[in-house]
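Asker: The structure's right below; bear with me while I get my questions together.
The values are calculated or read from the model by the stated rules, or taken from the named source; none is laboratory data. From a predicted model like this one, the values you see are computed outputs, not experimental measurements. We place every Cβ from the backbone using ideal geometry, glycine too, and count neighbours over all the protein chains shown.
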């Protein structure tokens, strides 16, 4: 099953990230039904990816901690030199989980985000920390203790984490 998930992740990442797969720029208007069909195809591909990751054998079981800006934890940029992204950035021990790994954390799927949307389960290992040693993961929640509310039930629990590929640059802000 793991090979199948890895192959699906790789294929979908190439499809969405490879400019060679992009359609050439069109001149003139594009039919509304073509736009809708493309959005629906992308949504179906994302749903397929999420379903395969949700069923995949976990790569890690990590003990969760929470951190936020404005406290003793986050003080600006993450260890890659990127701005931490609330509910996307995680700090890891790079000897356990390599930095620049895109992670799928099952327990975070469906969490209510500050803007009213629900979390899709994807996080980005772009930070490290002195207290993150071994099989631990720190979830960055945003600014202030109040930002920790949606994920507080996960604090000190063991999370099921699947390797969903890697990323270049900084984690996407969406």
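Asker: Going through segment 49-84 one residue at a time, which ones are under 16 Å from the mean Cα position of the chain (by Cα) and at pLDDT below 75?
Answerer: Of everything in segment 49-84, those that are under 16 Å from the mean Cα position of the chain (by Cα) and at pLDDT below 75 turn out to be 49, 50, 51, 52, 54.
Asker: So, residue 147, is that one surrounded by 17 or more Cβ atoms within 10 Å (Cβ to Cβ) and over 18 Å from residue 59 (Cβ atoms) or not?
Answerer: Considered against the rule, which asks whether it is surrounded by 17 or more Cβ atoms within 10 Å (Cβ to Cβ) and over 18 Å from residue 59 (Cβ atoms), residue 147 comes out as yes.
Asker: Another question about this same structure. Across segment 86-115, what is the total count of residues that are in a loop (DSSP other than H, G, I, E, B), in contact (Cβ under 8 Å) with a residue 40 or more places away in the chain, more than 23 Å from residue 133 (Cβ to Cβ) and touching a strand residue (DSSP E or B) at 6+ places or on another chain (Cβ under 7 Å)?
Answerer: Of the residues in that region, 3 qualify.
Asker: Please give the number of the condition residue 156 fails out of (1) outside any helix (DSSP H, G or I); (2) surrounded by 15 or more Cβ atoms within 10 Å (Cβ to Cβ); (3) in contact with a strand residue (DSSP E or B) (Cβ under 7 Å, 6 or more places away or on another chain).
Answerer: It is condition (2) that residue 156 fails.
Asker: Follow-up. Check off (1) closer than 20 Å to residue 50 by Cβ; (2) surrounded by 20 or more Cβ atoms within 10 Å (Cβ to Cβ) for residue 138 and give me the number that stays unchecked.
Answerer: Of everything listed in (1) closer than 20 Å to residue 50 by Cβ; (2) surrounded by 20 or more Cβ atoms within 10 Å (Cβ to Cβ), residue 138 misses just condition (1).
Asker: Let me ask you something else. Counting only residues that are modelled with pLDDT of 95 or more and on the phi > 0 side of the Ramachandran plot, how many does segment 87-104 have?
Answerer: So the count comes out to 1.
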